[in-house]
Number of protein chains: 2
Amino acid sequence: MYGEIIAIGDELISGRVLNTTSTFVAYKLTLAGYSIRRITVIGDNVSDIKECLLASLKRSDFLIVTGGLGATEDDITNEAVASALGLELEVRQELVKKIEECGHRCDVAEGPYLEKMATVPKGAEILDIDSYAAGYLLRYEGKVLFFLPGVPSQLKSHVEKQVIPRLQKLLGPGQLVLYKIFKIFGLGETEINKKLEFIETNFSDVKIGYYPNFPEIHVAVTVTGSREKNNIEEIFESACSAIRQTLDIDIVAEDQDSLETVLGNLLLDKKSALAVAESCTGGLVGQRITSVSGSSGWFECGAVTYSNKAKVKILGVSPKIIEQHGAVSEQTAHEMVEGVMRLGSVPFGLSLTGIAGPTGGTPEKPVGTVFIGMGTPEKIFVERFLFPGDRQEVRLLASETALDWLRRYLKYGTDIPGYRPAKRLDQGH
Amino acid sequence: MYGEIIAIGDELISGRVLNTTSTFVAYKLTLAGYSIRRITVIGDNVSDIKECLLASLKRSDFLIVTGGLGATEDDITNEAVASALGLELEVRQELVKKIEECGHRCDVAEGPYLEKMATVPKGAEILDIDSYAAGYLLRYEGKVLFFLPGVPSQLKSHVEKQVIPRLQKLLGPGQLVLYKIFKIFGLGETEINKKLEFIETNFSDVKIGYYPNFPEIHVAVTVTGSREKNNIEEIFESACSAIRQTLDIDIVAEDQDSLETVLGNLLLDKKSALAVAESCTGGLVGQRITSVSGSSGWFECGAVTYSNKAKVKILGVSPKIIEQHGAVSEQTAHEMVEGVMRLGSVPFGLSLTGIAGPTGGTPEKPVGTVFIGMGTPEKIFVERFLFPGDRQEVRLLASETALDWLRRYLKYGTDIPGYRPAKRLDQGH
C-alpha cells in the first residue's frame with residue numbers, strides 16, 4: 001500500500017519557504033506503517049494541480065494534499081480538485097457557523113473571505129469541525145484523498161488526530177514499524193558508521209540511517225515487518241542494546257529526549273542545581289536549558305556577561321586577570337564559573353568565553369576559540385576548544401559541548417579521559 | 001522556460017531528513033530568473049527515478065536532479081539515468097585521479113567505492129573536477145539535465161558556480177527578477193493582505209506573497225520581466241515605497257536585516273546600550289541579540305534570573321514585592337528592569353517574567369501571561385501580555401515583543417499608542 005503527498009504553493013516551488021509540512025506528514029505516516037512513495041511540490045496553478053492529482057491517483061492508494069485551502073485569491077486547491085474529479089463546489093453551513101464563531105480570533109469572518117473558507121467539493125467529509133481551517137476527506141474510485149491546510153500548526157494536529165486514525169479505518173492498519181533514534185555527540189558520521197557496521201550484518205531486518213542534526217548525529221534504527229511475525233520486537237531490542245553498548249557514553253539522548261532533558265534528570269536525581277556564565281554564547285546555554293518545562297527544578301540562574309565590565313561586576317572576575325590573560329582565556333573562564341556558582345549558591349556551574357566570529361580572531365586565538373569552564377563540588381575544570389564553522393555554528397558547538405561535558409561528568413563520575421574535543425568536530429560526510 | 005527539481009533519497013520521502021536542498025536550488029534559480037515548476041521527491045528506487053525523469057523531461061526545459069551519486073549501495077541515480085536515457089556508464093579516469101588525490105580526506109578512495117564514485121553516464125560533462133563529489137551535466141533532446149550531490153554543503157557551491165552560469169550559457173539569461181522582503185511583526189496575515197490589496201491593483205506587474213515566519217509575517221515583493229523593458233525597476237521601487245508608507249512602523253526589518261540588527265543599529269546611532277533581565281525566556285533575548293556580530297557595541301549584559309532567589313540577589317528585586325505580587329507581576333518586571341539597568345549602568349533595559357507553560361498557569365495568570373518591562377532614560381514602562389501557543393511559541397513571542405517594543409520606542413520616540421499587543425497575536429490564515 002503506497003501513498004503520495006502533494007504540497008501546493010508558489011512559496012514552496014520558488015524556494016521562499018522551506019517545505020517542512022511534507023516532511024512532517026511523511027514522517028508521521030512512515031512511523032504509522034504507511035509508505036510514502038513520492039512527494040510533489042507544485043505552484044498555485046490549476047492545470048498543474050489537476051495533472052498532478054490525476055497522475056498520483058493512478059499510482060497510489062491514498063493522497064495527502066496540503067495547502068491552497070485559505071481565503072485569499074491564490075488559494076485554488078478546491079477549484080482544481082473539483083475540476084479534476086468532476087465534482088461541484090458547495091458552501092457548507094456548518095463551516096460558516098464555525099468560522100463566524102471564531103470570527104474575532106481568525107479575522108476571515110467577512111463576506112467573500114468567509115464564503116471561500118466554507119467552500120468544499122460536494123461529498124467532502126469535514127475532518128475536524130472544531131477547527132476553522134477544517135481540512136476534508138474525499139473518496140474517489142477506491143482511493144482516499146485528504147486535503148489539509150498548509151499552515152504547519154493547523155496541519156500537525158490534523159495528521160495525528162484525523163488522517164492516521166481514518167487511514168487505519170479505511171485502509172487497515174499499516175505495517176509494524178519499530179523505530180528508535182540515538183542522538184550522538186562526540187563522534188563523526190563515518191566513525192559511527194564503522195562502529196555500527198556489524199549491526200546490519202548481524203541483524204538482517206534492521207535498517208540504520210545516519211542523519212546529521214547539527215551539532216549532533218542522529219542514528220535511526222528501524223525494523224519494519226508484518227504484525228504477525230512476532231520476533232520483530234525481540235530483534236529490534238537486541239539491535240538497540242548492541243548499539244547502546246557500542247556507542248555508550250557518546251549517546252546524548254534517545255527518542256524524544258534531548259541533551260537538555262537528560263542533563264536535567266541527572267541533576268534532579270542528585271537534587272542538585274546549575275548556574276551558567278556566558279559570554280560568546282550570549283544566553284544560548286540558558287535558553288536551551290530553560291526550553292525544558294520544569295527546568296526551574298535544577299536551573300538557578302545565568303549571567304550573560306558580554307562586556308568585560310559585566311564579567312567584573314556581576315561575576316567578580318578580577319580586572320587584572322582580564323588585563324593579563326584576556327577575556328578569552330583559561331583564567332577568565334575559571335573565574336567566571338567560580339563567580340556564577342557563588343552567585344547562585346549552587347554546586348555545579350558552566351562558563352563559556354570565546355570568539356564566535358566572524359571578526360575578533362587573532363593568530364594566537366583564532367575565531368572558534370572557546371574556553372569552557374565546568375565547576376563541580378570537587379573541582380573546577382577548564383578546557384580550550386577550537387570549533388569550526390560560522391558564528392552560529394561555533395555558538396551551537398560551544399553550548400552543546402558545555403552541556404554534554406557536564407552530562408558525561410554526572411553520569412560517569414569522572415572527567416572522562418576518553419572525551420576528545422578535537423574528534424567531535426568531525427561531523428562531515 | 002521552465003525547470004523541475006528531482007530530489008532522490010529514502011531519507012527524504014520517509015520524512016527523516018528535511019529537504020533543504022530543493023528549497024535552496026529553487027530559491028537560487030528563481031532569483032536568477034529561471035522558473036521552477038515542480039519539485040519531486042522520490043526514494044532510492046530505479047523504476048521510480050526512471051519514470052519521474054522521463055515525465056519531467058516531457059514537461060520542462062531543464063532538470064536539476066540531486067542525490068544518489070554517492071559510493072554506497074543505495075546510490076543508484078547513475079544506473080537509473082543510464083537506463084532511462086539509453087546511455088552506457090563509464091569510469092572516468094580524471095575522476096579516479098581526483099578522488100585518489102583527496103583519498104585521506106574523503107574516505108571513499110578504496111577499490112569498489114572509488115570506482116563507483118568515478119562512474120558517470122557516457123557523454124556526461126563533469127561540472128567541477130576540483131570537487132571529489134563532482135556532479136555532471138547531460139544534454140538530451142535539447143533539454144539540459146544537471147546531476148548534483150545531495151549533501152547540502154557540496155550542492156550549494158555547485159548551484160552558484162556551475163549550474164546558473166551554464167544555464168545562462170545554454171538557455172540564455174533568465175528573466176529579470178527584482179525581489180524584496182518586508183518582515184512584519186504586529187499585524188496578522190489577512191490584516192496585512194487587506195492593507196496591501198491596492199498594490200496589486202495599482203501595479204499589475206508586482207506580485208506580493210505572504211509567508212508566516214513565526215513570529216513574523218514576511219511579505220515578499222517580486223517583479224519579474226524581460227531585461228529589455230526598462231521601467232521595471234521604477235515600478236518595483238514605487239511599489240516598495242508604497243508598502244513602506246502603508247505598513248510603516250510594523251515593518252521590523254527588510255531583506256537580510258533582522259529585528260536584532262535593526263535594533264542594534266538604532267542603539268549604535270544613539271551611542272547607547274542595553275541590558276536584559278530574563279526569567280521565562282531563560283536567555284533567549286540575550287541569545288538573539290548576540291547572534292549579531294558586533295553586538296558587543298550595544299549589548300552590555302543579561303541576567304537570567306530563573307529563581308526568585310536570583311531575582312533578589314542579582315537584580316535587587318525586593319522579596320516583599322515577590323511575596324505580595326508574585327514573580328510574574330508588573331511590579332517584579334519593573335524591579336527587574338531597574339535592577340539590570342543599574343547592574344549594567346546602561347540607559348536602556350528590557351525585562352521579561354511570565355508563565356511559558358505548559359504547567360504553572362492559574363486562572364488569574366494563565367499560561368502565556370508575560371510581563372515585559374522596558375526601561376528608558378525617561379521612564380520605565382511595563383505591559384502585560386497574553387501570548388498563545390506552546391512553551392517555545394510563548395517564549396518566541398515574548399522575546400520578539402520585547403525587542404520590537406524597544407525598536408518602536410527608539411525609532412518613533414514615544415510609547416506608541418497605536419501599538420496593539422493583543423492584535424499582534426493573530427498570525428493565522
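The values are calculated or read from the model by the stated rules, or taken from the named source; none is laboratory data. A quick note: this is a predicted structure, and the numbers were derived from the prediction, not measured. Ideal geometry is used to build each Cβ from the backbone, glycine not excepted, and the neighbour counts take in all protein chains shown.
Selection over the range B:200-229 of residues that are among the hydrophobic types (A, V, I, L, M, F, W, C) and farther than 30 Å from B:E393 by Cβ gives a count of 3. Remark: B:F385 matches the filter, which requires a residue to be free of Cβ contacts under 8 Å to residues at least 40 places away in the same chain and closer than 14 Å to B:S329 by Cβ.
When residues in the range B:358-417 are screened for being part of a loop (DSSP other than H, G, I, E, B) and either within 14 Å of another protein chain (Cβ to nearest Cβ) or of a type in the set (A, V, I, L, M, F, W, C) (or both), 11 of them pass. Selection within the range A:112-131: residues that are under 8 Å from A:L95 (Cβ atoms) and touching a Gly at 6+ places or on another chain (Cβ under 9 Å). The member of this set that is surrounded by the most Cβ atoms within 10 Å (Cβ to Cβ) is A:M117. Working only within the range A:129-159, note down all residues that are more than 13 Å from chain B (Cβ to nearest Cβ) and of a type outside the set (A, V, I, L, M, F, W, C). Selection gives A:D130, A:Y136, A:R139, A:Y140, A:E141, A:G142, A:K143, A:H158. It is to be established whether one or more residues within the range A:182-200 are touching a His at 6+ places or on another chain (Cβ under 8 Å) and away from chain B (no Cβ under 14 Å). Yes.
Among the numbered conditions (1) part of a strand (DSSP E or B); (2) within 12 Å of chain B (Cβ to nearest Cβ); (3) without any contact (Cβ under 8 Å) to a residue 40 or more places away in the chain, the only one that A:L352 does not meet is (3).
Taken over the range A:207-218, the residue count meeting the criterion of being without any contact (Cβ under 8 Å) to a residue 60 or more places away in the chain and either within 14 Å of the chain's Cα centre (by Cα) or not assigned by TED's automatic domain parsing to the domain that holds A:E237 (or both) is 3. The residues on offer are B:T40, B:T23, and the sole one that is at pLDDT 95 or above, under 21 Å from the mean Cα position of the chain (by Cα), hydroxyl-bearing (S, T, Y) and crowded, with 19+ Cβ neighbours inside 10 Å is B:T23. Residues of the range B:144-188 that are under 25 Å from the mean Cα position of the chain (by Cα) and either at positive phi or part of a strand (DSSP E or B) (or both): B:L148, B:L176, B:V177, B:L178, B:Y179, B:K180, B:I181, B:F182, B:K183, B:I184, B:G186.
Listed by position, the strands (runs of 3 or more DSSP E) enclosed by the range A:27-127 that each have at least 1 residues that are away from chain B (no Cβ under 14 Å) are A:62-66, A:89-91, A:119-121. Every listed requirement among (1) of a type in the set (D, E, K, R); (2) in contact (Cβ under 8 Å) with a residue 12 or more places away in the chain; (3) more than 28 Å from A:P152 (Cα to Cα); (4) in a helix (DSSP H, G or I) is met by B:K195 save one, (3).
Residues in the range B:352-401 that are buried (at least 19 other Cβ atoms within 10 Å of the Cβ) and among the aromatic types (F, W, Y) were compared, and the one that is nearest to B:I217 (Cα to Cα) is B:F387.
Of the residues making up the range B:196-213, those that are farther than 30 Å from B:S226 by Cβ and crowded, with 17+ Cβ neighbours inside 10 Å number 1. Number of residues in the range B:1-20 that are part of a strand (DSSP E or B) and either within 7 Å of chain A (Cβ to nearest Cβ) or surrounded by fewer than 22 Cβ atoms within 10 Å (Cβ to Cβ) (or both): the value is 1.
Where helices (runs of 4 or more DSSP H) fall entirely within the range B:224-302, those with at least 1 residues that are away from chain A (no Cβ under 14 Å) are at B:232-247, B:259-269. Only residues that are in contact (Cβ under 8 Å) with a residue 12 or more places away in the chain and either among the aliphatic types (A, V, I, L, M) or buried (at least 21 other Cβ atoms within 10 Å of the Cβ) (or both) were counted in the range A:281-333, giving 29.
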